[in-house]
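K.L.:
Quick one: this structure, given as structure tokens, is what I'll be asking you about.
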Ligand code: B12
């Protein structure tokens, strides 16, 4: 990766390439429990791609977040007075309607001026065919889908710049590289082969991406945070990106990659397969350095680690926590001031029990915990009731807020009269144990997971209900879109009931008196002792009082926010309850794959194709070309 970055920097010096990266966001997905984080945290994926481009010498790059720029139209974008050379789109599957409309709009630009359209991100990594039109009468589509990370994109750009003539449009360089087979050695691409009438006949898949093993080789995140488009209602781009001093105002939380991968193999989760069963991490020194840069330049105080399970590799987690904690002891201002949250499993939290004080000192303030179902009926990964409660107590004792993530499924009742099987029983226990916030999601098929295809072939997944098609934007985990339950509307009500049980006026008032957010460390001073002593006494008293008050009121504030979120979620999902009540459920019989035939570069089955995808045949002109 380091060598590739260097080679590209040399190459890009003689090319003037302007790039726009758009993050697709469908506002209909705004439901609990992701309200706030969905708008107020600039996503790490596009920021990382922006960092990689800037690092490679493509400084004229802008990152447009559709959640901040809902009317942005690629057909009207101009950078430095002209249409950019590259238009990149990043999307999660649930934002695919917006992803499609961004690509369609970019395709409205006259072919001679059209930028090269590259799609990537979680939607494309698993289902690359979704960014190509399967309808011969309706032509739109990306030029190429990247089914991987920064490394794949940079490899692609290296090939393109190597064949590009001076000032040649990037799209024409791409077409030549594609037609001469120059892209076939870049693992992690899917591109279209078209006929003379410009209709896509087949998709060529160059294989599974090569994963970057050492995350320290990634470019610095600060580069990407300098490229964010200021929020606006306009379809066009602003003359300049958000100034560094204003970034935190729009994105109070900075998302950072610390580690990737998980050692558990839950059948409903795509993480192990995505990471090719590897666990990857940055070193403690590298993370300390990133935090220092982001604090100094953007004044970020809160971070979210995009980890799948931060504690999965004990040695690496301790390297990171230990390094950051030592910085705190040494009086480093950035490291004393910052707070961060991330995800972990109960089992690994308990395994790290004796080190949680160091983890807290490193700045960890809250942990999202994969509790799923404490009865163990859904999955067993050491998260049964006793272990969960023990982990909660340990975390709170060490000043870390535990936040449970639960999964509701067909076999789970809302309430059980005995034991801890019921959803509300579990929520009650978790709240008592000190949960300030919670996440309750309905079990939904996750593409890339072991159980994905079976969810469709077994008829669990709905295609339509009451004549209304199940759209990708409903895959938030808040809609019942896969169930064998005879009364699925009850499942949908259960989700709302769970949130109403957790966030309600009674708890709000109780939280004002018996606050669960009042942990000793929540009130601790973040300024180094010597600097704090220099302050006048009245300032020290005021500061202490505001810290105590803030820590005390946190619980009630979260209750209030939860109630507002619940109202919004109810309004969004109530129509779906009506459809579920009416019934007439049509179920899938197979997972929806590509309708366009796919193949590998040598004519073998495409690596990303789902079973049932038509197999494309490698044509003689392709064979001649390679010869
Ligand atoms: C943090 C996170 C969130 C945050 C996002 C906040 C934010 N604004 O950033 C919150 C908590 C809000 C969230 C919510 C949800 N999330 Co989420 N989330 C994650 C998580 C843990 C990390 C994402 C991240 O930042 N990763 C780090 C970056 C660097 O990686 P990345 O985004 O994948 O980007 C890399 C590549 O994809 C690629 N890439 C990305 N974009 C592009 C573009 C181009 C052009 C190219 C070439 C490459 C490229 O390069 C990037 C750099 O390596 C991932 C799991 C994971 N470990 O990735 C799930 C994940 C993204 N979430 C997922 C889902 C499903 C959801 C929810 C629907 C909840 C649910 N049911 O699980 C909601 C949706 C909310 C909404 N309305 O958008 C899925 C998406 C699946 C899919 N196929 O689309 C993931 C992948 C988890 C999973 N494996 O199932 N999530």
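The values are calculated or read from the model by the stated rules, or taken from the named source; none is laboratory data. A quick note: this is a predicted structure, and the numbers were derived from the prediction, not measured. Methodologically, a virtual Cβ is constructed for each residue, glycine included, from the backbone with ideal geometry; neighbour enumeration extends over all protein chains shown.
K.L.:
Is it fair to say residue 149 is assigned by TED's automatic domain parsing to the domain that holds residue 99 and more than 7 Å from the ligand (Cβ to nearest atom)?
P.N.:
no
K.L.:
All but one of (1) within 13 Å of the ligand (Cβ to nearest atom); (2) at pLDDT 95 or above; (3) in a loop (DSSP other than H, G, I, E, B) hold for residue 235, so report the exception by its number.
P.N.:
(1)
K.L.:
For the range 187-201, indicate whether the set of residues that are within 24 Å of residue 362 (Cα to Cα), within 16 Å of the ligand (Cβ to nearest atom) and crowded, with 18+ Cβ neighbours inside 10 Å is non-empty.
P.N.:
no
K.L.:
Evaluate the range 569-583: report whether one residue or more is modelled with pLDDT of 95 or more, closer than 30 Å to residue 396 by Cβ and not assigned by TED's automatic domain parsing to the domain that holds residue 30.
P.N.:
Within the range 569-583 (the criterion being modelled with pLDDT of 95 or more, closer than 30 Å to residue 396 by Cβ and not assigned by TED's automatic domain parsing to the domain that holds residue 30), the answer is yes, since at least one residue qualifies.
K.L.:
Being closer than 30 Å to residue 409 by Cβ, touching a residue at least 40 places away in the same chain (Cβ under 8 Å), within 16 Å of the ligand (Cβ to nearest atom) and part of a strand (DSSP E or B): is that true of residue 267 here?
P.N.:
No.
K.L.:
Looking at the range 445-460, I want the residues that are touching a residue at least 60 places away in the same chain (Cβ under 8 Å) and under 10 Å from residue 269 (Cβ atoms) and have a partner that is assigned to a helix (DSSP H, G or I) and more than 10 Å from the ligand (Cβ to nearest atom) with Cβ atoms under 8 Å, at least 6 apart or on another chain. Which pairs are those?
P.N.:
Listed pairs, sorted by first residue: 446/452.
K.L.:
Within the range 62-94, track down each residue that is free of Cβ contacts under 8 Å to residues at least 60 places away in the same chain, touching a helix residue (DSSP H, G or I) at 6+ places or on another chain (Cβ under 6 Å) and away from the ligand (no atom under 14 Å from the Cβ).
P.N.:
The answer is 75, and nothing else.
K.L.:
Follow-up. Which condition number in (1) part of a helix (DSSP H, G or I); (2) touching a residue at least 60 places away in the same chain (Cβ under 8 Å) is the one that residue 557 fails?
P.N.:
Here residue 557 meets the rest and fails (2).
K.L.:
Could you tell me how many of the residues in the range 277-291 are in contact with a helix residue (DSSP H, G or I) (Cβ under 7 Å, 6 or more places away or on another chain) and either surrounded by 16 or more Cβ atoms within 10 Å (Cβ to Cβ) or outside any helix (DSSP H, G or I) (or both)?
P.N.:
Of the residues in that region, 9 qualify.
K.L.:
Can you give me the number of residues within the range 460-494 that are in contact with a strand residue (DSSP E or B) (Cβ under 6 Å, 6 or more places away or on another chain) and within 15 Å of the ligand (Cβ to nearest atom)?
P.N.:
Qualifying residue count for the region: 6.
K.L.:
Can you pull out the residues in the range 22-51 that are under 19 Å from residue 71 (Cβ atoms), more than 8 Å from the ligand (Cβ to nearest atom) and surrounded by fewer than 23 Cβ atoms within 10 Å (Cβ to Cβ)?
P.N.:
27, 28
K.L.:
While we're on this one: Of (1) more than 13 Å from the ligand (Cβ to nearest atom); (2) surrounded by fewer than 17 Cβ atoms within 10 Å (Cβ to Cβ); (3) over 30 Å from residue 302 (Cβ atoms), residue 59 satisfies all except one. Which?
P.N.:
(3)
K.L.:
Residue check: is residue 347 assigned by TED's automatic domain parsing to the domain that holds residue 331 and under 22 Å from residue 483 (Cα atoms)?
P.N.:
Considered against the rule, which asks whether it is assigned by TED's automatic domain parsing to the domain that holds residue 331 and under 22 Å from residue 483 (Cα atoms), residue 347 comes out as no.
Results for (1) over 29 Å from the mean Cα position of the chain (by Cα); (2) surrounded by fewer than 16 Cβ atoms within 10 Å (Cβ to Cβ), shown as yes or no for each residue.
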| site | (1), (2) |
| --- | --- |
| 466 | yes, yes |
| 473 | no, no |
| 477 | no, no |
| 483 | no, no |
| 510 | yes, yes |
| 515 | yes, no |
| 536 | yes, yes |
| 550 | yes, yes |
| 558 | no, no |
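K.L.:
Just the residues that are part of a loop (DSSP other than H, G, I, E, B) and farther than 24 Å from residue 84 by Cα, please, taken from the range 189-204.
P.N.:
Selection gives 195, 196, 197, 199.
K.L.:
Hey, does the range 319-331 have a residue that's free of Cβ contacts under 8 Å to residues at least 40 places away in the same chain and within 25 Å of the chain's Cα centre (by Cα)?
P.N.:
Within the range 319-331, one or more residues are free of Cβ contacts under 8 Å to residues at least 40 places away in the same chain and within 25 Å of the chain's Cα centre (by Cα).
K.L.:
To continue, here is another question. So, residue 457, is that one away from the ligand (no atom under 16 Å from the Cβ) and farther than 22 Å from residue 273 by Cα or not?
P.N.:
For residue 457, the condition - away from the ligand (no atom under 16 Å from the Cβ) and farther than 22 Å from residue 273 by Cα - is not met.
K.L.:
Do we find that residue 242 is within 18 Å of residue 305 (Cα to Cα), free of Cβ contacts under 8 Å to residues at least 40 places away in the same chain and either outside any loop (DSSP other than H, G, I, E, B) or away from the ligand (no atom under 13 Å from the Cβ) (or both) in this structure?
P.N.:
No: the conditions fail for residue 242.
K.L.:
Given the criteria within 13 Å of the ligand (Cβ to nearest atom) and buried (at least 22 other Cβ atoms within 10 Å of the Cβ), does residue 261 qualify?
P.N.:
no
K.L.:
If I ask for residues that are within 16 Å of the ligand (Cβ to nearest atom), farther than 21 Å from residue 369 by Cα and assigned to a loop (DSSP other than H, G, I, E, B), which ones from the range 292-333 would you list?
P.N.:
300 - this is the single residue of the range 292-333 that is within 16 Å of the ligand (Cβ to nearest atom), farther than 21 Å from residue 369 by Cα and assigned to a loop (DSSP other than H, G, I, E, B).
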